[in-house]
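Below is one structure; the comments refer to it alone.
The values are calculated or read from the model by the stated rules, or taken from the named source; none is laboratory data. Quick caveat, the model's predicted, so the values are computed rather than measured. So basically every Cβ, Gly included, is an ideal-geometry build from the backbone, and we count neighbours across all protein chains shown. Accessible surface is based on the protein model in full, side chains and every heavy atom, while ligands, DNA and RNA are left aside. Shrake-Rupley method; radii C 1.70, N 1.55, O 1.52, S 1.80 Å.
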Amino acid sequence: MVVFDEVPLAGACMSSNPTNHIVFFDTTLRDGEQSPGCSMTTQEKLTMAHALEDLGVDIIEAGFAMASEGDFAAISTITQAIRKPRIASLARAKTEDIEMAARALQFADRARIHVFLASSDLHLEYKLKIDRQEALDRTGESVRLARSLADDVEFSPEDATRSDRDFLVEMVRVAVEAGATTINMPDTVGYSTPEEYGQMFREVRDRIPAIDAQGIVLSSHCHDDLGLAAANSLAAIQNGARQVECTINGIGERAGNASLEEIAAALYVRSDRYKVTSSIKLDKLYPTSEVLGQIITFKPSPNKAIVGANAFAHESGIHQHGMLANPLCYEIMTPALVGVSRTHLVLGKHSGRAALRHRLEQLGFSLDREELQQVYYRFVALADRKKNIYDQDLIGLLPDPIRERRNMPVAQLD
Ligand code: KIV
Ligand code: ZN
């Protein structure tokens with residue numbers, strides 16, 4: 001039997017303020033890695049785990065120990081190199097899975113076994129071919145077994161949002177009585193809406209008083225099939241969830257998981273509504289996204305919130321003019337807040353004179369009004385033909401006399 005340290009899980013995860021601290025459970029290396037093109041070697045997972053530790057996540061789900069030798073090795077390697085976050089392994093509600101997870105986690109300072117079993121009739125009937133009673137029995141047995149191997153056990157009723165509500169409550173009650181310290185209620189297929197998902201948390205809390213009485217942490221786990229994963233996670237928080245499961249860049253099965261950077265930024269920017277704290281270092285969000293992009297060799301889509309290439313880019317003349325006057329006109333957070341080096345004013349056919357002048361000044365060219373007007377006409381004509389306008393293109397538009405006086409302030413022009 002693997003012996004784990006004696007950290008009381010709920011207390012450890014909820015930090016000094018159990019009522020408002022949000023535990024960030026990152027599953028980039030497990031659920032994220034399950035998405036096409038995102039598989040990682042042990043070395044790559046380790047690199048990512050270091051980045052997640054620097055980012056300040058509380059828990060890293062490092063893999064699914066039973067899934068493959070590679071996953072087992074990655075979990076074991078990460079437990080030996082990463083000290084601050086707790087390390088979790090996923091396990092089906094099966095003896096061999098749970099024992100394998102415990103073996104993979106044996107070197108962790110702080111370990112979590114994450115057991116899951118479907119709760120929806122659809123999954124029970126067609127996927128597992130077991131009835132509800134057997135599902136309840138397996139829940140109790142597997143959580144008890146996991147608790148005999150680890151102090152910290154999370155239980156997830158898979159497909160919780162499409163489950164009969166009374167049965168879901170029953171399954172959660174069995175898991176709580178068997179000793180689960182975190183209850184995670186996944187929206188496995190991204191079907192739920194914010195009102196509905198939040199209501200589910202409220203109802204489960206209300207109907208199982210032991211959850212609050214024993215300090216059991218409720219957790220959200222959302223997928224983005226309807227583009228609602230971050231909104232649903234926030235709704236769960238508003239209804240008592242104190243752990244969010246998420247991934248960097250929102251990678252994950254199908255349309256992905258709830259994106260860590262969106263949730264963390266929303267909690268901060270809208271702290272007027274979400275009065276909670278977290279350990280996430282916001283200025284590490286973009287650098288962490290970049291580390292992942294380099295490992296899996298693809299970046300998030302350009303319009304992805306917080307970390308997409310265009311998240312802080314402005315092209316239209318009206319927006320650029322507003323940005324130059326006061327960035328608050330069109331930005332709800334500074335790029336620096338999330339670790340992006342600067343706002344990018346993209347020069348394209350929608351740009352105006354203000355942005356053109358600004359960029360030319362950055363390049364060392366000061367133009368008077370008339371010159372700017374001339375260059376602006378040329379610029380618009382070029383932008384109509386060319387998608388990307390680079391600095392060299394701009395310099396190419398300047399008449400020779402202007403080019404020759406680079407770095408001369410406008411005041412010295414005659
Ligand atoms: O989406 C899901 O239901 C999961 C569980 C295994 C937690 O990833
Ligand atoms: Zn999932």
Problem - Sequence-distant residues sharing a close amide H with Arg112 (under 5 Å, placed H) - result: Ile87, Ala88, Ser89
Completion exercise
In the chain the DSSP beta bridges are antiparallel at a rate, in percent to nearest 5, of 5 percent
Fill in the blank from the handout: Note: Asn20 to Asp206 extended length (0.36 nm per residue) minus current alpha-carbon separation gives 65.1 nm
Practice task
Give, as ranges by residue number, the residues of segment 331-363 whose backbone N falls under 13 Å from the point 7 Å along Cα→Cβ of Asp391.
Solution key: 359-363
Exercise for the section: Among the listed pairs Lys84/Lys284; Lys299/Lys387; Lys349/Lys386; Lys94/Lys129; Lys275/Lys304, give every one whose C-alpha distance is greater than 18 Å. Expected result: Lys299/Lys387; Lys275/Lys304
Practice task
For Gly252, enumerate residues with amide H under 5 Å from its amide H, sequence gap 5+ or separate chain, H modeled in the peptide plane.
Solution key: Ser35, Asn257
Exercise for the section: Just subtract the alpha-carbon distance of Leu226 and Lys281 from 0.36 nm times their residue separation and send over the number in nm, one decimal. Expected result: 17.0 nm
Completion exercise
In Å, the Kirkwood estimate of hydrodynamic radius for segment 18-295 over Cα pairs equals 18.3 Å
Problem - In Hz, Karplus ³J(HN,Hα) per residue of segment 27-39 (6.51, -1.76, 1.60; θ = phi - 60°; x = Gly, Pro) - result: 10, 4, 7, 10, 5, x, 5, 6, 8, x, x, 10, 5
Completion exercise
Mean accessible area per residue over segment 70-188 (1.4 angstrom probe, all protein chains present, square angstrom) is 36 Å²
Fill in the blank from the handout: Taking protein heavy atoms only, a 1.4 Å probe, and rounding to whole percent, the accessible area of the chain owed to carbon and sulfur comes out at 51 percent
Problem - Amide H contacts under 5 Å for Asp164, placed H, 5+ residues apart - result: Asp121
Problem - Solvent exposure of segment 313-412 as accessible area per residue, Å², 1.4 Å probe - result: 61 Å²
Fill in the blank from the handout: By the C-alpha gyration tensor axes a ≥ b ≥ c (rounded if a/c is under 1.5, else prolate when a/b exceeds b/c, else oblate), the shape of segment 313-412 is prolate
